[in-house]
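Asks: Quick one: the structure is below, and I'll ask about it shortly.
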Amino acid sequence: MPSSRVSALTKEDIAAAARNFRWSRQMPKWTVMVEGRELPARPLILEAAGVAPNDPTNSHQAVAILQEQGFDVRYQGKTIVEEDSPDAPSPEFEGLLRKLRGSCKGGDSLVEAREREHTDDRY
């Protein structure tokens with residue numbers, strides 16, 4: 001669980017900290033884009049909250065806070081899309097649904113074949 005100071009951060013707090021933030025080490029796996037700069041996610045959050053580097057806030061909690069505030073979060077340089085976002089079904093999925101719906105209608109449908117099976121004495 002992130003500390004109370006970390007949990008209370010606003011987008012403005014994070015952006016203000018990013019303007020003066022300097023990072024000379026190797027970039028960690030989790031990063032965030034702020035005003036065109038790629039910065040390390042957890043260290044930026046800790047800096048913005050004014051807490052020590054040994055704060056119990058972990059990277060995943062820092063990433064969640066950044067995503068909630070609307071920042072572009074990246075993992076190993078690739079943008080992360082939130083899983084909760086309502087995406088439209090893919091064209092492949094839509095095609096599969098049409099085929100399945102079609103197989104339940106008409107003379108060669110699965111439903112009619114099942115009904116014939118129950119009425120036919122051969123089965």
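None of the figures in this text is laboratory data; all of them are computed from the coordinates on show. Just so it is clear, the structure is predicted and the values come from calculations on it, not from any experiment. Cβ atoms come from the backbone with ideal geometry, glycine included; neighbour counts cover every protein chain shown.
Asks: Normalised by the empirical 2.2 N^0.38 Å for globular proteins, what value does the Cα Rg of the range 1-93 take? Mind showing how you got there, number by number?
Replies: Values: Rg = 14.1 Å, N = 93, 2.2 N^0.38 = 12.3 Å.
Dividing the Cα Rg of the range 1-93 by 2.2 N^0.38 Å gives 1.15.
Asks: A follow-up question, please. With labels modelled as points extended 7 Å from the Cα through the Cβ direction, what inter-label distance (nm, one decimal) is found for Leu100 paired with Lys11?
Replies: 3.8
Asks: Using Cβ contacts closer than 10 Å as the measure, can you line up Trp30, Trp23 from fewest to most?
Replies: Details: Trp30 20, Trp23 15.
By the 10 Å Cβ count, ascending: Trp23, Trp30.
Asks: Ranking Arg37, Arg74, Arg25 by Cβ neighbours within 10 Å, fewest first, what do you get? Let's see the in-between values first.
Replies: Values: Arg37 13, Arg74 18, Arg25 7.
Least crowded to most crowded, the residues run Arg25, Arg37, Arg74.
Asks: Moving to a separate point now. How much length would be gained if the chain were fully extended between Ala64 and Gln76, taking 0.36 nm per residue of separation minus their Cα-Cα distance, in nm to one decimal?
Replies: Numbers: separation 12, 0.36 × 12 = 4.32 nm, distance 1.62 nm.
That pair, Ala64 and Gln76, stretches by 2.7 nm at full extension.
Asks: So, one more: Multiplying the sequence separation of Phe93 and Ser24 by 0.36 nm and subtracting their Cα-Cα distance, what value in nm do you get? Before the final figure, lay out the partial values.
Replies: Details: separation 69, 0.36 × 69 = 24.84 nm, distance 4.55 nm.
That works out to 20.3 nm of additional length.
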